[in-house]
Structures are given as C-alpha cells and as structure tokens.
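A short worksheet on the structure shown next.
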Amino acid sequence: MYNVVQVRLREAGKISHFSTGGLKFRVGDYVIVEQDRGLEYGEVVTEEESVSDGEVEKPLRKIIRKTNPWDHRQIEKNRKKSRELMQICTRKISECRLPMKLVEAEYSFDRSKIIFYFTSEGRVDFRNLVKDLANAFKARIELKQIGVRDEAKLMGGYGPCGKELCCAKFLKDFEPVTIRMAKDQNLPLNPTKISGVCGRFMCCLSYENSTYKELKKGLPKVGQEIKLDKYKAKVIAVSPLKRSVTVETSDGKRQEVKF
C-alpha cells in the first residue's frame with residue numbers, strides 16, 4: 001500500500017498520484033515533486049489516501065516538499081520568461097516553414113527542460129526545430145502536439161454559462177461527448193448552442209448526463225399517454241430537473257404534472 005495524493009502539475013497540467021513520503025499535505029498546498037530528469041511544481045488536489053500497487057501509475061514519484069517563498073519567486077520568473085520563449089520559437093517555426101501553431105511555452109521548475117505546446121492539422125517533422133531551440137536555450141526541448149480541447153485547457157477562459165472553463169478548473173480527463181447526450185438533456189441540437197469555446201461539444205454534457213438519466217427514471221416519455229383523474233393526456237415535454245412533464249388534453253389545454 002502507498003500513501004498518496006493527487007497533484008495537478010503546473011496551472012493546467014496532468015493530474016497524477018504522488019507518494020507523500022510520510023509528509024502531510026492538504027488540498028490547495030503547492031508542492032515540489034520529482035519528475036522525469038528534474039523537478040516540477042504543482043498543486044495538491046485531493047486528500048491523502050492509501051492505494052494498492054495496481055491503482056497507481058508506475059513509476060510512482062514522490063513529493064519533495066511544500067513550496068517556499070524562493071520557489072514562488074522562481075515560478076514567477078519562469079512565467080515571465082515564457083513570453084520570450086514564445087517569441088523565439090514562433091520565429092524559428094516561421095524560418096523552418098512548419099505548418100504548426102504555437103499555443104504555449106513553459107520552463108520546468110528547475111529550468112532543465114522547456115515544453116512547447118502546439119496544434120497542427122497533421123503530423124509535423126520538427127526535428128530541425130528542436131535542434132535550433134536546444135542551441136538557442138541550452139536546455140532539453142520537448143514539443144507536444146495537442147488538440148483543440150487541450151488548447152482551451154491551457155489558455156483558460158469562460159464558457160457560455162459565464163463560469164471558468166471546466167477543463168481548466170477541475171476536469172482531470174476529457175470524456176467522449178455525443179449528440180445523444182444533448183438529446184437526453186432536452187437541449188437544442190444547434191451546434192452553436194451546445195459547443196464550448198474549443199468548438200467541440202461542451203464537456204458538461206458528459207459529466208451531467210448520469211444525473212439526467214437518474215432523474216428521468218419513472219417519468220413518462222414524450223408522446224406517451226398518461227391518465228389524469230378522469231381523462232387522458234399526451235406528454236409533450238419532459239423536465240427531468242423539475243421531475244415534471246407537460247401534457248396536452250384532447251381539448252388543447254396544457255398543464256404541468258409533477259412526479
């Protein structure tokens with residue numbers, strides 16, 4: 001068994017298990033963690049738990065310590081340097097005439113590695129670009145091709161609901177989202193109404209879908225006839241959140257029926 005917490009690397013990075021190493025952490029603590037060939041920082045997002053060997057990814061890395069004032073100054077310096085990284089990399093991409101769009105650039109905490117995130121419609125041969133960047137920055141270079149959802153997660157922003165994007169705020173993984181989910185939630189099937197800033201179906205359709213399925217249990221379906229007192233009526237609309245249906249009688253009258 002291992003005592004672990006989950007840590008979100010950087011601001012919107014991957015969430016992974018890390019061994020506590022016997023130290024105590026709370027949700028919201030910023031920590032320095034072991035990473036491949038260096039150190040990285042992140043935020044603790046879950047309480048400590050005990051897990052078995054098969055429940056964690058290998059290798060299981062550990063948390064070194066909580067961040068201190070010097071660490072936070074280093075993190076801020078790295079953030080400020082990202083603009084310079086973006087400018088130089090953008091110029092190099094143009095010189096190499098590569099069909100890619102640079103989205104974000106960031107140093108690892110200890111500046112041993114620089115990660116560049118980009119989007120592209122296809123595969124890109126960026127071997128020469130990596131060599132140029134390594135010579136320019138004297139650091140290990142990693143280029144990551146990401147999708148439009150990952151781009152929205154990195155850039156952040158606000159959704160049609162007016163709240164911070166779910167992907168940037170709390171979602172760990174991107175689940176499949178289908179048009180069927182929108183139908184089950186009685187939403188308009190106009191793509192502009194059910195799509196997020198990334199242009200794909202909104203993530204909330206997926207993680208809210210189970211709630212709608214549960215609330216719809218026991219409710220009649222649209223088109224079904226139900227008996228009300230001494231007469232019958234046809235269901236013309238269903239509201240799972242209100243646990244009610246709207247019915248229409250043979251004389252054209254409508255009313256809401258609670259369940």
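For this structure, a couple of remarks:
- The listed residues 235, 124 rank as 124, 235 when sorted by accessible area, largest first, using a 1.4 Å probe.
- For a straight C-alpha distance cut-off of 20 angstrom, the aspartates and glutamates reachable from residue 193 (same-chain residues fewer than eight places away being disregarded) are 164, 175, 184, 208.
- For region 6-81, the Kirkwood hydrodynamic radius from C-alpha pairs, put into Stokes-Einstein at 25 °C and a viscosity of 0.890 mPa s, yields a diffusion coefficient of 190 µm² per second.
- Residues whose amide H comes within less than 5 Å of that of residue 203, counting only those at least five positions distant or on another chain, are absent (H built at 1.01 Å from N in the peptide plane).
- What the pair-distance distribution of region 88-174 shows, using all Cα-Cα distances binned every 10 Å from zero, is 16, 42, 29, 12, 1 percent.
- Here the average projected area of the convex hull drawn through the C-alpha atoms of the chain stands at 19.3 nm².
- On the beta carbon distance between residue 70 and residue 128, with R0 = 45 Å, the FRET formula returns roughly 0.75.
- For region 108-241, taking Cα atoms only, Rg and Dmax work out to 23.0, 84 Å respectively.
- Estimated dipole of region 135-259 in Debye, rounded to 20 [Cβ of Lys and Arg +1, of Asp and Glu -1, Cα centre]: 220
- Placing unit charges on each Cβ (+1 for Lys and Arg, -1 for Asp and Glu) gives region 101-231 a dipole about its Cα centre, and among 219, 146, 194 the Cα reaching farthest toward its positive end belongs to 219.
- 26 Å Cα-Cα threshold exceeded, pairs from 62/113; 66/144; 163/213; 24/172; 62/101; 62/169: 66/144; 62/101
- Only Lys, Arg (+1) and Asp, Glu (-1) charged, at Cβ; the chain dipole about Cα centre in debye: 540
- Entries in 14/80; 153/221; 230/258 that, when Cα-Cα distance is taken, lie over 28 Å: 153/221
- Working note: Debye formula, equal point scatterers on the alpha-carbon atoms of region 170-259, no solvent; log10 I(q)/I(0) at q = 0.20, 0.21, 0.25 Å⁻¹ is -0.93, -0.98, -1.20.
The values are calculated or read from the model by the stated rules, or taken from the named source; none is laboratory data. As the structure is a computational prediction, the values presented were derived from the model and not from experiment. Because the Cβ atoms are built from the backbone with ideal geometry, glycine has one as well, and the counts that use them run over all protein chains shown. When the accessible area is computed, the model is the full protein with side chains, heavy atoms only, and any ligands, DNA or RNA have been set aside. Shrake-Rupley method; radii C 1.70, N 1.55, O 1.52, S 1.80 Å.
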